[in-house]
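Everything on this sheet refers to the single structure shown next.
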Amino acid sequence: MHPTLNIAVKAARRAATVINRASLDLDQIRVEVKSPNDFVSDVDRAAEDAIIQVLREAYPSHSILAEESGETGPEAETEYQWIIDPLDGTTNFLHGFPQYAISIALARRGVVEQAVVYDPNRNEMFTASKGGGAFLNDRRIRVSKRLKLQDALVGTGFPYRQFKNVDTYLAIFKELTQKTAGLRRPGAASLDLAYVAAGRLDAFWEFGLSPWDMAAGSLLISEAGGLVSDLAGESTYLTSGNVVAGTPKVFPQLLQLIQGHCGDKLPA
Ligand code: IPD
Ligand code: CA
Ligand code: CA
Ligand code: CA
């Protein structure tokens, strides 16, 4: 395993210790509302601190982009940046719904090279290194062999923070209820992407995500033989926040259907 990936795995396990302990007594957790339907708790922050401590100790010259503390690190522009979601699926976590994860990626000059998505409930560690394949607990994973959108199980997330795009989203959702084997909304985008990589979902789309939701999951998918893009079929999803992913055969069918509703971009 690449040394930086090893450190990322260690950091994810530290965060999981914090999260698992807190999950034993959900009533004790202090929660703040960032905006309607958008919560942050002291557990998100403590998990993030645990991750950052491990990464800083190993790589003091790397910069960090983390959901709760933003961009930190050396003043000078650095080659390497860690992109961290310490608890992806906070709403699930706060309700004791066991679908959430820790997501850690390392980008070099903006290109993601190492990825970890860890599900502490199932003890599933998804990892990938650029050019080295994707793994689940040390076993190689590949996207599914599904060929047709009609046969696909498709994951998504609701655009609850981008109300202006809800109608477009719902029109896509409606069409897909007729044109897929099923739709799922598990509630943790990084795990949804990891599930595409592992062949548990055949495709995924969501609007309005943040880089920390997607950075690790997108490398898992490309290293597992899948495709990931923005709405134009290009690679700006980390900045646009709009992402479409899937197996090589299902991906273009899903992208085309979505573009039929919104063209190749949504209003920002
Ligand atoms: C959220 C989850 C969810 C997605 C939201 C994200 P958070 O992340 O990934 O699945 O639909 O858009 O913000 O806030 O729980 O880390
Ligand atoms: Ca959040
Ligand atoms: Ca997230
Ligand atoms: Ca989060």
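Any read-out appearing in this document is the output of simple, stated calculations on the displayed coordinates, not a laboratory observation. Quantities reported herein were computed from a predicted structural model and do not represent experimental measurements. Cβ sites come from the backbone with ideal geometry, for glycine too, and all protein chains shown count toward neighbours.
Here are the numbers:
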| item | result |
| --- | --- |
| Where the Cα pairs of the chain fall when distances are cut into 5 Å bins, in % | 1, 6, 14, 18, 19, 17, 13, 8, 3, 0, 0 |
| Cα centroid separation - segment 127-190 against segment 87-104, whole Å | 17 Å |
| Those lysines that a straight Cα-Cα span of less than 26 Å connects to residue 10, excepting residues fewer than 8 apart in one chain | 130 |
| Neighbour-count ranking [beta-carbon atoms within 10 angstrom, fewest first] of 167, 213 | 167, 213 |
| Cα gyration tensor, segment 144-268 - rounded (a/c under 1.5), prolate or oblate | rounded |
| As computed over segment 53-94, the Cα convex hull volume per residue (Å³) | 71 Å³ |
| Aspartates and glutamates with Cα under 15 Å of residue 174, excluding same-chain neighbours fewer than 8 positions away | 206 |
| Cα→Cβ-extended label distance, 7 Å offset, between residue 53 and residue 175, nm | 5.0 nm |
| Whether segment 3-140 is rounded, prolate or oblate, judged on the alpha carbon gyration tensor where a/c under 1.5 counts as rounded | oblate |
